[in-house]
Amino acid sequence: MTRIVLVHGIAQELKGSETLLADWYPALNDGLALTSSMQVARHEVAMVFYGDIFRPAGHRGLGVPPLEASDVEDGLESELLLQWWESASELESRVTGPSSAVRLRTPHRVQRALDALSHSSFFAGLSERLMISSARQFRRYFAEPELRADIQGRLAQHITDETEVIIAHSLGTVAAYEALCANPGWRDLTLVTLGSPLSIRNLVFERLIPGPTNGHARWPAPVKSWTNVADRGDVVALTKELSPLFGERVRDRLIHNGAKAHDVRPYLTSAETGRAIAEALSNGSASARDPSR
């Protein structure tokens, strides 16, 4: 019985569903323990894994393919890196801002962005290759229809009549939102989004399917409750609140994750996330006991 479906985010291509669950599952129960006596069994949780889609084919060398600033494509890739740079500079005084790089040609601006981000606490320890690869995964999701459909199809395979909660992180929140909109027959689900980029204007929001109307996104029909949790220092979740664009029914919650602002584990262990999940599971159990609900 799958009560909870998990959807991971970017930069997970070298892992797998069981590897990710080893991190997510205990953190999920830790968050629940903060606000309730409820715990979920391992067999009640399923991980939607799609990281292998982004795993590059065999090549010489080890790790991430050799990517550098000149490989960053104009458009979504470069603009996303520049947005991350601007956000990081606003959050950390030691990160030089992009204002002095406005007149530089794109490759030089991207290199400046990568250099600055490498000194931020958010991207500390990440190579340029990994930062570029992360931005590329965002671009590929929106630019490659078959890849987009494949990811959403994998999510759909895990949804059953017993599913009560979808918990999505990072790019996974985009896939979850679009899959929910595309499947109005799924009913009475709770959506919990963590570190979501859904409200990033001009880069993500306008690229959603279905597209926004008059500056507002469609509410996903199967969703009865939606809680969005964002860390103030999460650079990937550039816009922390979703309710202005997705409707007042979204409950936005700001939290503090410490140094690893975008890491899914502190998101899951927060009381705000635990409370949203506990409420959904409690309501679902009550509905199961009372068929009239």
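The values are calculated or read from the model by the stated rules, or taken from the named source; none is laboratory data. Since the model is a prediction, treat every value here as computed from it, not as a measurement. Here Cβ is always computed from backbone atoms with ideal geometry, including for glycine, and neighbour counts include all displayed protein chains.
Pull up the stretch 1-31, narrow it to residues that are touching an Asp or Glu at 6+ places or on another chain (Cβ under 7 Å) and modelled with pLDDT of 95 or more, then point me to the one that is nearest to HIS256 (Cα to Cα). Outline the logic, then answer.
Initial filter on the stretch 1-31 (touching an Asp or Glu at 6+ places or on another chain (Cβ under 7 Å)): 1-4, 13.
Still in the list and also modelled with pLDDT of 95 or more: 3-4.
Values: ARG3: 27, ILE4: 24 Å.
The selected residue is ILE4.
When residues of the stretch 175-216 are filtered for being under 17 Å from the mean Cα position of the chain (by Cα), among the hydrophobic types (A, V, I, L, M, F, W, C) and part of a loop (DSSP other than H, G, I, E, B), how many remain?
So the answer is 6.
Select from the stretch 176-195 the residues that are over 17 Å from GLY31 (Cβ atoms), in contact (Cβ under 8 Å) with a residue 40 or more places away in the chain and crowded, with 23+ Cβ neighbours inside 10 Å and list them in ascending order. Quick ask: steps written out before the conclusion?
To start, the set of residues in the stretch 176-195 that are over 17 Å from GLY31 (Cβ atoms) comprises 176-189.
Of the ones still in play, those that are also in contact (Cβ under 8 Å) with a residue 40 or more places away in the chain are 176-177, 180-181, 188.
Passing the criteria: ALA176, TYR177, LEU180.
Inspect the stretch 15-37 for any residue being in a loop (DSSP other than H, G, I, E, B) and free of Cβ contacts under 8 Å to residues at least 24 places away in the same chain and give the result as yes or no.
Step one: filter the stretch 15-37 for residues in a loop (DSSP other than H, G, I, E, B), giving 15-16, 36-37.
Add one more test, that the residue is free of Cβ contacts under 8 Å to residues at least 24 places away in the same chain, and what stays is 37.
Yes: one or more hits.
On the given criteria, is GLY284 over 16 Å from VAL7 (Cβ atoms), modelled with pLDDT under 90 and not in a loop (DSSP other than H, G, I, E, B)? First the steps, then the outcome.
Values: over 16 Å from VAL7 (Cβ atoms): yes; modelled with pLDDT under 90: yes; not in a loop (DSSP other than H, G, I, E, B): yes.
It is true that GLY284 is over 16 Å from VAL7 (Cβ atoms), modelled with pLDDT under 90 and not in a loop (DSSP other than H, G, I, E, B).
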